[in-house]
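The values are calculated or read from the model by the stated rules, or taken from the named source; none is laboratory data. Remember, predicted model here, so these are calculated numbers, not experimental data. No Cβ is skipped: glycine too gets one built from the backbone with ideal geometry, and neighbour counts run over all protein chains shown. Heads up: the accessible areas ignore ligands, DNA and RNA and are worked out on the full protein's heavy atoms, side chains in. Shrake-Rupley method; radii C 1.70, N 1.55, O 1.52, S 1.80 Å.
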Amino acid sequence: MSENDALERLAALELETPSWGYGNSGTRFHVYPCPGAARTVWERLDDAALVHALTGCCPGVALHIPWDRVEGWDELARYAAERGIRIGAINPNLFGDDAYRLGSVCNPDPGVRARALEHCRECIEIAQRVGSTTISLWLADGTNYPGQDDLRGRYERLTAGLTELYALLPAGMRLLVEYKFFEPAFYSTDLPDWGTAALVCRRLGPQAQVLVDTGHQPQGTNVEQIVAVLLAEQLLGGFHFNNRKYADDDLIAGSIDPFELFRIMREVARARATEDVAFMIDQSHNVEGKIDAMIQSVANIQTAYAKALLVDEARLAAAQAEGDVLAAHRVLLEAFETDVRPLLARHREALGIDPDPVEAFRGAGHGERLARERGTASVESAYEQL
Ligand code: LRH
Ligand code: MN
């Protein structure tokens with residue numbers, strides 16, 4: 001692919017950052033407060049707007065309800081627009097409430113299931129108020145011990161509940177179904193893998209697609225193959241990019257295994273799928289600064305995509321057809337080992353932004369400025385569970 005074609009495709013890649021990635025977050029062991037971390041949804045939007053200004057490719061910010069609940073949704077949408085960004089996916093929270101001990105949509109208690117559905121209905125209304133066309137649903141639902149509940153029964157409640165939710169979707173709104181193989185449930189998870197999510201989406205209809213969180217598969221899973229199959233089936237609705245060494249670590253995308261991120265983005269590049277797929281980041285920055293960590297993630301995803309765009313598809317296809325295994329592998333390696341920093345610098349210069357957005361953030365002293373303006377927020381916030 002010519003450099004100009006690669007630049008054009010790179011410019012078309014839009015990412016969405018998570019509001020919850022800008023606030024203090026931690027583990028069950030401790031939350032280490034970060035000076036200058038966002039304390040309110042308004043400050044989280046300010047930070048998302050700064051990331052967009054410095055990267056030129058993050059016009060959307062995902063919200064989590066109730067963490068980002070406000071009285072005036074119109075005002076929030078206006079606030080975002082005035083800062084050059086828009087509200088993206090709306091994430092219902094069906095885990096942060098005592099009522100959900102035994103699950104939400106899959107809970108044995110019909111009253112709890114109705115409560116969960118009511119929350120989702122409210123999130124659809126919020127999405128309409130802020131101009132969002134995406135409901136991004138993750139269920140923590142599951143069990144901790146064999147026999148705790150009927151696995152078949154829970155699946156039937158899952159499909160019945162999501163069918164009711166799907167019926168509430170206005171035309172043009174998408175439901176992204178996010179799976180995860182474990183945690184917080186430690187014996188069975190009701191939406192554990194891509195297969196179950198795909199079956200459920202097929203059963204629901206064309207407005208339902210699968211969301212691949214890159215930290216939600218068992219060790220050793222070939223995530224790019226899942227992506228290839230979902231793309232082939234028009235079932236890939238979006239990503240939650242992050243990286244992990246062990247479990248759902250939610251670390252900076254590409255920080256542990258940049259070659260995996262490259263392989264995933266190559267399936268995206270090969271499928272020319274940037275229009276209908278939501279490229280969202282889902283991370284929690286427990287020991288590092290929030291904003292520059294987010295910018296580094298964006299840069300890592302752009303780097304992986306730029307390398308993927310440079311794969312010599314013709315030479316690769318020829319080697320694959322000839323069964324020349326090593327030659328085919330080396331074509332991919334060649335692209336992965338290409339230094340795309342000059343290409344990314346050209347892309348950013350064309351946008352009138354600094355060729356190194358992380359350095360632009362740090363060099364301008366934004367971190368210090370925000371620490372002065374905001375101080376250090378108390379951590380008695382909703383993020384402790386994250
Ligand atoms: C669950 C998850 C989900 C979000 C949460 C913040 O692990 O990936 O996408 O709701 O993180
Ligand atoms: Mn996620």
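Being aromatic (Phe, Trp, Tyr) and more than 16 Å from ligand 1 (Cβ to nearest atom) is a description that does not apply to Phe279. Could you check region 64-82 and list, in sequence order, the residues that are among the charged types (D, E, K, R) and crowded, with 18+ Cβ neighbours inside 10 Å? Correct list: Asp68 only. Among the residues of region 165-189, the ones that are within 16 Å of ligand 2 (Cβ to nearest atom) and either in contact with a helix residue (DSSP H, G or I) (Cβ under 9 Å, 6 or more places away or on another chain) or not basic (Lys, Arg) (or both) come to 11 in all. The condition (being in contact with a Ser or Thr (Cβ under 7 Å, 6 or more places away or on another chain), in contact (Cβ under 8 Å) with a residue 40 or more places away in the chain and buried (at least 19 other Cβ atoms within 10 Å of the Cβ)) is satisfied by just one residue among Leu370, Leu344: Leu344.
Please tell me if Gly254 is farther than 17 Å from Ala198 by Cβ and more than 16 Å from ligand 1 (Cβ to nearest atom). Yes. Pairs linking a residue in region 72-94 that is away from ligand 2 (no atom under 16 Å from the Cβ) to a residue that is assigned to a loop (DSSP other than H, G, I, E, B), with Cβ atoms under 7 Å and 6 or more positions apart or on different chains, are Leu76/Val70; Ala77/Gly131; Ile85/Pro59; Arg86/Pro59; Arg86/Gly131; Ile87/Gly131; Ile87/Ser132. Answer yes or no: is there a residue in region 205-217 that is aliphatic (A, V, I, L, M), without any contact (Cβ under 8 Å) to a residue 60 or more places away in the chain and more than 24 Å from Ile264 (Cβ to Cβ). No; the residues of region 205-217 include none that is aliphatic (A, V, I, L, M), without any contact (Cβ under 8 Å) to a residue 60 or more places away in the chain and more than 24 Å from Ile264 (Cβ to Cβ). When Arg272 is tested against (1) at pLDDT below 95; (2) in contact with a strand residue (DSSP E or B) (Cβ under 8 Å, 6 or more places away or on another chain); (3) open to solvent by 10 Å² or more (accessible area, probe 1.4 Å), exactly one condition is not met: (2).
Asn300 passes every criterion in (1) away from ligand 1 (no atom under 16 Å from the Cβ); (2) closer than 22 Å to Pro33 by Cβ; (3) open to solvent by 20 Å² or more (accessible area, probe 1.4 Å) apart from (2). Consider Leu50 carefully, then state whether it is open to solvent by 10 Å² or more (accessible area, probe 1.4 Å), in contact (Cβ under 8 Å) with a residue 60 or more places away in the chain and in contact with an Asp or Glu (Cβ under 9 Å, 6 or more places away or on another chain). So Leu50 does not fit the description; no.
Return the pairs, sorted by first residue and then second, in which the second residue is at pLDDT 95 or above, the first residue lies in region 15-26 and is β-branched (Val, Ile, Thr), the beta carbons are less than 7 Å apart, and the residues are 6+ apart or on different chains. Final answer for the pair search is Thr17/Ala48; Thr17/Val51; Thr17/Cys58; Thr17/Val61; Thr17/Ile281; Thr17/Met294. How many residues, within region 1-45, are open to solvent by less than 50 Å² (accessible area, probe 1.4 Å) and not small (Gly, Ala, Ser)? Matching residues across region 1-45 total 17.
Against the conditions (1) surrounded by 13 or more Cβ atoms within 10 Å (Cβ to Cβ); (2) under 28 Å from the mean Cα position of the chain (by Cα), Ala327 satisfies every one except (2). Sub-8 Å Cβ pairs linking a first residue in region 109-122 that is within 22 Å of Leu169 (Cβ to Cβ) to a second residue that is of a type in the set (D, E, K, R), at least 6 apart or interchain, are Arg113/Arg157; Leu117/Glu164, ordered by first then second residue.
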